[in-house]
Amino acid sequence: MLTSEQAADKLKKLGKIGRAIFSKSKSEYKKAELKCIEGGEYYQLSKYTDTQVFHENLISGGAEAVIAAMELGFGQCAVFGEKDATLLRNKKGLYTLTGVKEGTFTSFTHDRKKNYIIEPKGGNEELWLVALGITSKEGKVKMYKKLGQINRFAELVRDIEEHVPNGSVVVDMGCGKSYLTFALYYYFNIIKNKNITFRGYDLKKEVVDDCNDLAKRCGYDKLTFFCEDIANVNNDDGKISMLITLHACNTATDIAIYHGIRWGCNVMMNVPCCQKELNQSLKSDFSPVVFEHGIIKERITALMTDAVRARLIELCGYNVEVLEFVDIENTPKNLLIRSVKNGRKSEDKRAECDKLLKELEAFGGKLTLAELLQNI
Ligand SMILES: C[S@@+](CC[C@H](N)C(=O)[O-])C[C@H]1O[C@@H](n2cnc3c(N)ncnc32)[C@H](O)[C@@H]1O
């Protein structure tokens, strides 16, 4: 029998740990899973209750992370890494390590150093990265998912950046804490040395005030935030070339896309979320078998919403791609609709879309974007 320290020592001798699964729980957490991040420098622990999952980043070695998780009240842990093993913990809190064998975990997925566009500098951090909690002052990453998310977005913007000319304006609709707005400002105006004005819009005054304050402290003089319902936003100076939304709730995405189309934006980058409209309005008779289970109806109607949005945008003269923006593990709200203006109205595809919209309508289905675009 081993104490927790002895068990940690034995685990360390097994080499790098990639993943661990915890079971035989005596606590509120029914199971837990540990995964290595950045080649094992950090670990992320996901703890599952009956109804929720909680994620936590552990700044410790794999062996310590495994023991810390066991101490939450688990009796057993299957460890996968350079060596695989099973760790048991008895009622007295003493450990046994058994079943050590050749490791089956080969994909230390985060092993390679990532080539981020927006990279922590390790000591001379951009103020916004620190202020938004993405890194520490010393450049230690504190929010891996967020860093990955803004970098992936920046990559997807890099592909189409020629459509965002110098002197033009980018708007972020429903910008929230504005991780993305700051990231793209930094990308265009600092990394690429361009001259792009950014405007962020959100309903939350406090958040908007904080963002304006941070923009000022960063010296980002072409970045302004407005406390405004996106429905009321205008393109008075006609300079908006790109419109972005990241997880703008439910129909806020539709309103933003509608604006983007009527303003003639060159590019729209939209990551929708909470697509509730069709889920709530479409009667289950539309497809009784498919819609029998609430969770399936929720997911399918969310995907249908985005498929119809993509088609509607295309009909209005855009090349549209639907891309997986980040890993589904990162967030299930991970589809990006990327639209680049081509000026061609796709009349040939209109009939199919109209047919689908009529079918949806016959079963009560309501889609704000379709309604708004009737006015264009
Ligand atoms: C889920 S948050 C996403 C925030 C940010 N884009 C991000 O990804 O971190 C959605 C944001 O949209 C804002 N929002 C929702 N409806 C809005 C509207 N009609 N006008 C302006 N902002 C809106 C909310 O206040 C919230 O901050």
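Local charge for Arg344 was computed over the other residues whose Cβ lies under 14 Å away, with Lys and Arg +1 and Asp and Glu -1, and equals +1. In the elastic network of the chain, a GNM with C-alpha springs shorter than 10 Å, the most mobile of Thr135, Thr305, Thr49 is Thr49. Note down the Stokes-Einstein diffusion coefficient of segment 155-373 in µm²/s, whole number, using a Kirkwood radius over alpha carbon pairs, 4 °C, and 1.567 mPa s. Roughly 71 µm²/s, to the nearest whole number. If you take every residue apart from Ile67 with its C-beta less than 11 Å away from the C-beta of Ile67, what net charge results, scoring Lys and Arg +1 and Asp and Glu -1? Value of the local net charge: -1. When you restrict to C-alpha pairs under 8 Å that are six or more residues apart and normalise by the size of the chain, the relative contact order lands at 10 percent.
Each other residue within a Cβ distance under 10 Å of Val100 adds +1 if Lys or Arg and -1 if Asp or Glu, for a net charge of +2. Straight Cα distances below 22 angstrom link Lys192 to the lysines Lys114, Lys121, Lys146, Lys216, Lys222, Lys239, with same-chain residues fewer than 8 positions distant left out.
Sparsely packed loop sites in segment 280-343 (the trypsin sites (Lys or Arg not before Pro) outside DSSP H, G, I, E and B with at most 15 other Cβ atoms within 10 Å) comprise Lys283.
May I ask you to derive the relative contact order of segment 258-376, considering only C-alpha pairs under 8 Å and at least 6 residues apart, and to give it as an integer percent? This gives 36 percent for segment 258-376.
Of the chymotrypsin sites (Phe, Trp or Tyr not before Pro) found in segment 267-376, those in coil by DSSP whose Cβ has at most 15 other Cβ atoms within 10 Å are Phe363.
For the chain, the mean residue ellipticity at 222 nm estimated from helices alone is -9500 deg cm²/dmol, where every DSSP H run of n ≥ 4 contributes -39500 (n - 2.57) and the total is divided by all residues, rounded to the nearest 500.
Take a quick pass over segment 265-361 and tell me how many lysine pairs come in under 25 angstrom between Cα atoms, counting only ones 8 or more apart or on separate chains. So the count works out to 17. Taking one quarter of the surface of the convex hull spanned by the alpha-carbon atoms of the chain gives a direction-averaged projected area of 22.0 nm².
Membrane-span-like helices in the chain, defined here as complete DSSP H runs extending at least 15 Å along the helix axis by their C-alpha atoms with mean Kyte-Doolittle hydropathy no lower than -1.0, are 144-158, 205-218, 252-263, 294-315; this is a sequence and geometry rule, not a statement about a membrane. Cα centroids of segment 241-291 and segment 1-71: 39 Å apart. Have a look at Lys92, Lys216, Lys205 and tell me which one the Gaussian network model of the chain (Cα, springs below 10 Å) gives the largest fluctuation. Fluctuation is largest for Lys92. Select from Val157, Val267, Val290 the residue whose mean-square fluctuation is largest in a Gaussian network model of the chain (Cα-Cα springs shorter than 10 Å). Its mean-square fluctuation being the largest, the pick is Val290.
Once you keep just the Cα pairs under 8 angstrom separated by 6 or more residues, what percentage relative contact order results for segment 155-373? Computed value for segment 155-373: 18 percent relative contact order.
Readers should treat all values here as calculations from the given coordinates under stated rules, not as data from a laboratory. Being a predicted model, the structure only gives us computed values, none of them experimental. Reconstructed Cβ throughout: ideal geometry from the backbone, glycine too, with neighbour counts over all protein chains shown.
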